[in-house]
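Structure record follows, encoded as structure tokens.
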Amino acid sequence: MEQLKKAIRERGKVLSDEVLKVDTFLNHQVDTHLMAEVGKEFALRFKEDGITKVLTIESSGIAPSFMAATDLGVPLIFARKKKSLTLTDNLLVSQVYSFTKQQTNDISVSKDFLTEDDRVLIIDDFLANGQAAFGLIDIVKQAGAHVSGIGIVIEKSFQPGRVKLDEQGYRVESLARLHSLEDGKVTFLDETVS
Ligand code: 5GP
């Protein structure tokens, strides 16, 4: 998605060979116009798949998922990372090791919002090692629902998440695929010459 690649190139900051900071448009300040376009693109790619719910993870997954769910005409559910006083039982829970925080957290979704009749589109902001995606997949499976696909805003293709999801047969749609962040420079997979 050209608009997204332009934002990454012009407004992203390479923090290391492995980490890209995009808090100017996604992770802290949100470019609502760009995120609406991102959501529309996900909706377009999955419009024939009979999606009944969009599932993401708080907090950075919410902005890019919102318009996807709106355009698909389905509810958006976000998995909670923190324990809530009002969210105590009746939960689907999975464990996710956070790439950026380097700690393991429980993520949870109320059993009320996912049923075995659901066809779920999972959306997240980044794909690195696949931990967040597999945690969300685990939650969908616990509900007995179907994972219809995974939408990723920024995939770091040089890390193992994408390959692991491909190997398990999941359909992954990534709107920007990063080949490398080496030497402080972003290169995209579709711009590399093989
Ligand atoms: P994974 O679970 O695939 O290892 O990592 C994905 C999660 O870690 C995303 O939900 C995202 O919040 C965070 N993450 C991974 N890599 C990056 C990165 O390069 N930049 C930012 N801002 N977040 C990342």
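The values are calculated or read from the model by the stated rules, or taken from the named source; none is laboratory data. Just so it is clear, the structure is predicted and the values come from calculations on it, not from any experiment. Note that we place each Cβ from the backbone using ideal geometry, even for glycine, and neighbour counts take in every protein chain shown. These area figures cover heavy atoms from the full protein model, side chains too; ligands, DNA and RNA do not enter into them. Shrake-Rupley method; radii C 1.70, N 1.55, O 1.52, S 1.80 Å.
Could you tell me which of the residues Asp106, Asp23, Asp49, Asp112 is over 26 Å from Tyr170 (Cα atoms) and surrounded by fewer than 20 Cβ atoms within 10 Å (Cβ to Cβ)?
Values: Asp106 fails: over 26 Å from Tyr170 (Cα atoms); Asp49 fails: over 26 Å from Tyr170 (Cα atoms); Asp112 fails: over 26 Å from Tyr170 (Cα atoms).
Every option except Asp23 fails the conditions.
Of the residues in the range 115-159, how many are over 10 Å from the mean Cα position of the chain (by Cα), within 9 Å of the ligand (Cβ to nearest atom) and either surrounded by fewer than 17 Cβ atoms within 10 Å (Cβ to Cβ) or more than 16 Å from Val19 (Cβ to Cβ) (or both)?
Counting residues in the range 115-159 that are over 10 Å from the mean Cα position of the chain (by Cα), within 9 Å of the ligand (Cβ to nearest atom) and either surrounded by fewer than 17 Cβ atoms within 10 Å (Cβ to Cβ) or more than 16 Å from Val19 (Cβ to Cβ) (or both) gives 3.
In the range 82-114, which residue that is within 16 Å of the ligand (Cβ to nearest atom) and of a type in the set (Phe, Trp, Tyr) is farthest from Glu41 (Cα to Cα)?
If we take residues in the range 82-114 being within 16 Å of the ligand (Cβ to nearest atom) and of a type in the set (Phe, Trp, Tyr), then Tyr97 is farthest from Glu41 (Cα to Cα).
So, in the range 1-33, how many residues would count as being part of a loop (DSSP other than H, G, I, E, B) and either without any contact (Cβ under 8 Å) to a residue 60 or more places away in the chain or charged (D, E, K, R) (or both)?
Residues that pass the stated criteria total 10.
Please go through the range 4-49 and pick out each residue that is of a type in the set (Gly, Ala, Ser) and over 13 Å from Ala68 (Cα atoms). I'd like the intermediate steps shown before the answer.
To start, the set of residues in the range 4-49 that are of a type in the set (Gly, Ala, Ser) comprises 7, 12, 16, 36, 39, 43.
Selection gives Ala7, Gly12, Ser16.
Is it the case that the range 36-44 has a residue that's open to solvent by less than 40 Å² (accessible area, probe 1.4 Å), out of contact with any His (no Cβ under 9 Å at 6 or more places or on another chain) and of a type in the set (Lys, Arg)? Walk me through how you get there before you give the answer.
Just the residues of the range 36-44 that are open to solvent by less than 40 Å² (accessible area, probe 1.4 Å), to begin with: 36, 38-39, 42-43.
Remaining after also requiring out of contact with any His (no Cβ under 9 Å at 6 or more places or on another chain): 36, 38-39, 42-43.
If we keep only those that are of a type in the set (Lys, Arg) too, we end up with none.
Scanning the range 36-44, I find no residue that is open to solvent by less than 40 Å² (accessible area, probe 1.4 Å), out of contact with any His (no Cβ under 9 Å at 6 or more places or on another chain) and of a type in the set (Lys, Arg), so the answer is no.
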